[in-house]
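Okay, so here's the structure we're looking at.
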Amino acid sequence: MEFNILEILELKRVKDLLILKFSYKDIPLNPSQFFMIGPEVFDDKSFILNRPFSISNYDGEILEFRIRISGKFTNYLSLLNGGDKLRLIGPLGRVPEPAFYKGFDQIYLLGGGIGVAPLLYFYNYLNSDGIKVKLYFGAKDKDSLHYADGFDLDKIEVWTDDGSYGVKGFVTDSLKKLSAENSLVVACGPLGMYKVLKNYTADFKIKVLMEERMACGFGVCLGCVVDSKSGYQRVCKEGPMFDLEQLILQ
Ligand SMILES: Cc1cc2nc3c(=O)[nH]c(=O)nc-3n(C[C@H](O)[C@H](O)[C@H](O)COP(=O)(O)OP(=O)(O)OC[C@H]3O[C@@H](n4cnc5c(N)ncnc54)[C@H](O)[C@@H]3O)c2cc1C
Ligand code: FES
């Protein structure tokens with residue numbers, strides 16, 4: 001884990017999405033890991049707690065985040081410009097065992113809404129390792145496809161709730177037509193999506209990226225626990241990627 005003040009290289013706003021890029025050289029970053037981000041200087045009490053954001057891409061030089069503008073800090077971010085500085089603490093989260101994706105014939109990535117952000121990095125990372133990977137992106141409607149802005153939509157199967165783009169229906173329904181044999185599903189989205197996916201755990205091996213409010217981000221405050229069959233787990237330390245079958249969802 002490192003503590004850095006980094007200059008924003010590029011900042012792009014697309015509707016309620018903010019794409020932030022930083023120069024970040026040669027530090028291995030695993031998919032599912034995240035950074036805590038805060039202002040360079042804490043001059044506002046509500047920003048004392050840094051906020052967690054997943055890596056949405058990294059090519060060894062440029063580190064990218066996709067951030068949905070949803071509250072005070074993310075609004076603050078949306079008013080910054082290239083050249084402004086932010087505090088980045090990370091990489092955080094358990095380094096997934098390299099074998100977590102090896103040995104499977106096929107990996108299915110299922111992203112709901114802004115949940116597609118970390119999966120874009122999973123997609124690029126696994127692809128570059130020669131793994132057969134397919135991305136399914138579920139959005140409310142055609143107007144919500146911007147969370148995958150810049151990504152070739154032909155490479156992904158898009159599902160929209162109202163059928164205004166791609167396949168009509170919920171992205172979780174994509175599993176109905178897929179083979180569970182020797183495949184791994186990695187999902188990121190709202191809790192409701194994970195509750196639906198629970199129904200598939202008898203057939204599919206499913207990993208999910210959990211989100212909880214975080215204070216420290218590195219295992220000390222116990223503010224981010226989720227319940228599991230083996231007791232409480234810290235999202236920031238044992239997670240954020242968990243076996244869905246092990247989780248007890250509230
Ligand atoms: C491991 C992890 C990875 C994440 N990755 C992304 C990402 O890639 N892109 C993205 O847009 N969002 C991501 N989030 C959620 C993001 O952290 C929150 O949206 C952000 O903290 C909101 O800050 P705010 O001050 O703008 O909102 P607030 O005004 O504080 O609240 C707005 C909303 O954000 C939620 N929220 C606030 N603080 C947190 C927190 N510390 N942790 C989780 N949720 C919070 C609240 O429940 C509320 O619904 C991630 C969360 C976690 C735990
Ligand atoms: S955020 Fe403090 S223990 Fe996870």
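A residue that is touching a Cys at 6+ places or on another chain (Cβ under 8 Å), surrounded by 22 or more Cβ atoms within 10 Å (Cβ to Cβ) and not hydroxyl-bearing (Ser, Thr, Tyr) occurs nowhere in segment 186-203.
Summed over segment 159-177, the residues that are hydroxyl-bearing (Ser, Thr, Tyr), touching a residue at least 24 places away in the same chain (Cβ under 8 Å) and either more than 14 Å from Tyr147 (Cβ to Cβ) or touching a His at 6+ places or on another chain (Cβ under 8 Å) (or both) give a count of 2. Scanning segment 1-30 for residues that are assigned to a strand (DSSP E or B) and among the polar types (S, T, N, Q) turns up Asn4, Ser23.
Of Ile206, Ile248, which residue is more than 16 Å from ligand 2 (Cβ to nearest atom), farther than 19 Å from Ala139 by Cα and crowded, with 21+ Cβ neighbours inside 10 Å? Walk me through how you get there before you give the answer.
Details: Ile248 fails: crowded, with 21+ Cβ neighbours inside 10 Å.
Of the residues listed, the single one that is more than 16 Å from ligand 2 (Cβ to nearest atom), farther than 19 Å from Ala139 by Cα and crowded, with 21+ Cβ neighbours inside 10 Å is Ile206.
The sole residue among Ile8, Ile37 that is surrounded by 12 or more Cβ atoms within 10 Å (Cβ to Cβ) and over 16 Å from the mean Cα position of the chain (by Cα) is Ile8. Just the residues that are among the small types (Gly, Ala, Ser) and touching a strand residue (DSSP E or B) at 6+ places or on another chain (Cβ under 6 Å), please, taken from segment 116-152. Scanning segment 116-152 gives Ala117, Gly138, Ala139, Ala148.
Regarding Met241, is this residue near ligand 1 (Cβ under 10 Å from one of its atoms), under 22 Å from Phe73 (Cα atoms), not assigned by TED's automatic domain parsing to the domain that holds Lys198 and not hydroxyl-bearing (Ser, Thr, Tyr)?
Spelling it out, it is not the case that Met241 is near ligand 1 (Cβ under 10 Å from one of its atoms), under 22 Å from Phe73 (Cα atoms), not assigned by TED's automatic domain parsing to the domain that holds Lys198 and not hydroxyl-bearing (Ser, Thr, Tyr).
The values are calculated or read from the model by the stated rules, or taken from the named source; none is laboratory data. Please read these numbers as outputs of a predicted model, since none were measured by experiment. Quick reminder, even Gly has a Cβ in these numbers, built from the backbone with ideal geometry, and neighbours come from all protein chains shown.
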